[in-house]
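Beneath this line is the structure, given in structure tokens, with notes to follow.
The values are calculated or read from the model by the stated rules, or taken from the named source; none is laboratory data. Since we're looking at a predicted model, the values are computed, not measured. Note that each Cβ is placed from the backbone with ideal geometry, even for glycine, and that neighbours are counted across all protein chains shown. Only protein heavy atoms, including side chains, enter the accessible area calculation; ligands, DNA and RNA are left aside. Shrake-Rupley method; radii C 1.70, N 1.55, O 1.52, S 1.80 Å.
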Amino acid sequence: MTLTLGLGLMAGGLLFGWSVWLYRRREPRVAATTGLSMLRGGVLLLVVLLLLDPSLPGSLADRDVWIVDATPSMRASVGDATAEELAATEGAPAGVRLVAADVALDAALAGELEAGASRVTILTDTRLPESVGVRALLDDAPVPVELRDLGGSTVNAGVRELRLPGPERVGAPSAAVVTVAWEGSAATSVGLEVEIDGEVVVDSVLRVEAGRGAREVQVDLPAPEGEGGQVVSARVGMEGDRFPDDDLRSAVRDVDPDRGAIVVLAWTPGWESRFLTSTLAEVAGLPVRGFLHTGGGSEEDRWLRGGERPERVTSEAVQRAVEDAALVVRIGAPNAADSALAGAAERSERTIRFPLPTAIEDGEWVLDSELPLSPLTGELSSLGLLGLPPLRAVRPGSAEAAPSSDLRHVPLRIERGRDGVSVPAIELVDGEVGRSAEVRATGFWRWALRPGEPSELYRRLWSAVVGWTLAGEGPEEGGGIAPAHAVDAPGSPVEWVASPAAGQRLVVEWAAEGSTVRVDTVEVDETGRGTGMPLDAGRWRWRATVDGGEEDGRERDGVVVREVWTDDLLHPRIPELAGASSSEDVRVAAPRSLRDGPVPWLLVLLLLASEWVLRRRAGLR
């Protein structure tokens, strides 16, 4: 019996005696007085012992744990042997605790150590992406840990990565980047095949060196003939390949000229939108789409889309471009017929808003010669600010009120010379849901007409404003309606991003090759997120319809892929981990303490509950 245990028993005995005295001298005498005092004393005795946590006779030497790596890469090394068979082959004693770890090995090891294992043996092929965590646990484990390497060189070739460019345009060729990895073969070639919607477009043979290696291959893709989603798949093959789960990898080619673009929305024609659209196309680094409201009365001829060949488009087409845009520039006042489009522009998380024509005050305002401190100061400080054409400012009190929690910056100020009044020319607003720029003046296009520093300042100003706005937190692409992951594992629920349908429902129709149409209803929360039903392996075409609200009846469609792919066998082996274990000074049987088991804790709860019940039955409070 240890000293700590002896002291605990003495303290517990005193408290036990106090409980007996309390019930006999202070409490009303009842038939169950003796039993109640014993229960109270037993609880106090156990609590004292748990606080002291004494070591008990015996040890935990019999808590031997064997962890068997059950990740897919082990199948290529040991075949179809079960965890029990592998442990028996390696000499595991009968009755040992056996854990088949199909999760990260460091998490499995940490869980067993916390559960009180006295010795741990790990069987793995040492292909461990979490090797840093495993190594740290091996070094710091309080009990002996042994790692045995059952792996070896395996003949395998796989697609490590398939990278496609961003949203593409109809008729424009592009290229994909395929990263091919191989291992354990004397063969000098790997076959590579690329398909688009099931049609082979590339069939080539890569010359590789024997052993282990990886290579990036650029593959030219044919120009898409129409808009929509296309499934691009890359497949590799090598003689003797023993692991098919990494041979095929797919991605969805997004053929949409407006997704991720900057959309300039001009409800009224003018020089501001004309110069700004062309300047952003040169300096923004993103595709720019300009739409001009022509004042037409019908739905079909109300908007004109700019470009080399301007074309008339419907309000619905413009609204879709706005929802998919990375940044929306709003110029002019919307009319009542385009309320849905105006609402979509208002919901955009990244915007540049020009003032309404009715809010412009007459008079000439010149740029303040001193730049205020703002995120754009570094971009604009090297240029002269004198001699610029004047601007027209927003009438005081006509600007939109912003939430008080928004952080605001003023990169430029303008002043009216005759009375010295100074107002912001542009305000940068860093809000909770995105970044925006509130333009408080018009006439910036006059700077673009002046060669030299005025035109350069115009270019730098809007390049910096766009760069700051896009650098804020928010969606990488537009806020349309689409699954969050176009390619995922079979059986995983479909996560939806649907900002236009926030707070409403989506009715989604799913159709796979050779299967019937499945219908799913997705509840979209106020943040524009929702979760749908899981999908089986295959290619699925979807059509989503908004049910309710201002967007009722709007449709979107696309394609997703559910396929099995893992990179387990593409990780290099780390054979030096084999045999690694904790230091020799902890290779003794770990002593057992009172807190290690659940029995004392359960006994405390049971005694307390019993005392409470008996007191009530005896009429005591």
Name the pairs whose Cβ atoms lie under 6 Å apart, with the first residue in the range 163-189 and open to solvent by 40 Å² or more (accessible area, probe 1.4 Å) and at pLDDT 90 or above, the second outside any loop (DSSP other than H, G, I, E, B) and among the hydrophobic types (A, V, I, L, M, F, W, C), and 6 or more positions between them or separate chains? R163/V177
Which is in a helix (DSSP H, G or I) and at pLDDT below 80, of G17, G35? G35
Sort out which residues of the range 425-445 are farther than 14 Å from S374 by Cβ and either without any contact (Cβ under 8 Å) to a residue 60 or more places away in the chain or open to solvent by less than 10 Å² (accessible area, probe 1.4 Å) (or both), and write them in order of number. G431, E432, V439, A441, G443, F444
Reported set for the range 453-471 where residues are out of contact with any helix residue (DSSP H, G or I) (no Cβ under 6 Å at 6 or more places or on another chain) and open to solvent by 50 Å² or more (accessible area, probe 1.4 Å) is E453, E456, A471
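Take V201 and decide whether it is within 19 Å of V487 (Cβ to Cβ), assigned to a strand (DSSP E or B) and among the aliphatic types (A, V, I, L, M).
Yes, satisfied.
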Quick one: which helices (runs of 4 or more DSSP H) sit completely within the range 313-384 and have at least 3 residues that are crowded, with 21+ Cβ neighbours inside 10 Å, of a type outside the set (G, A, S) and under 36 Å from the mean Cα position of the chain (by Cα)? 315-324
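Per-residue answers, yes or no, for (1) in a helix (DSSP H, G or I); (2) within 30 Å of A251 (Cβ to Cβ); (3) acidic (D, E); (4) at pLDDT below 85:
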{"site": "D525", "(1), (2), (3), (4)": "no, yes, yes, no"}
{"site": "G530", "(1), (2), (3), (4)": "no, yes, no, no"}
{"site": "R539", "(1), (2), (3), (4)": "no, yes, no, no"}
{"site": "E550", "(1), (2), (3), (4)": "no, no, yes, yes"}
{"site": "G553", "(1), (2), (3), (4)": "no, no, no, yes"}
{"site": "V559", "(1), (2), (3), (4)": "no, yes, no, no"}
{"site": "G619", "(1), (2), (3), (4)": "no, no, no, yes"}
Go through the range 476-491 residue by residue and tally those that are modelled with pLDDT under 80 and open to solvent by less than 50 Å² (accessible area, probe 1.4 Å). 3
So which residues in the range 218-268 are farther than 21 Å from A281 by Cβ and in contact with a helix residue (DSSP H, G or I) (Cβ under 8 Å, 6 or more places away or on another chain), if there are any at all? R242, F243, D245, D246
Could you please let me know if T89 is open to solvent by less than 30 Å² (accessible area, probe 1.4 Å) and over 29 Å from G158 (Cα atoms)? no
From the list G290, G240, G198, exactly one residue is out of contact with any His (no Cβ under 6 Å at 6 or more places or on another chain) and open to solvent by less than 40 Å² (accessible area, probe 1.4 Å). Which is it? G290
Just to be sure, is T516 among the polar types (S, T, N, Q) and either part of a strand (DSSP E or B) or crowded, with 17+ Cβ neighbours inside 10 Å (or both)? no
Tally up the residues in the range 111-132 that are within 30 Å of P598 (Cα to Cα) and open to solvent by 30 Å² or more (accessible area, probe 1.4 Å), please. 5
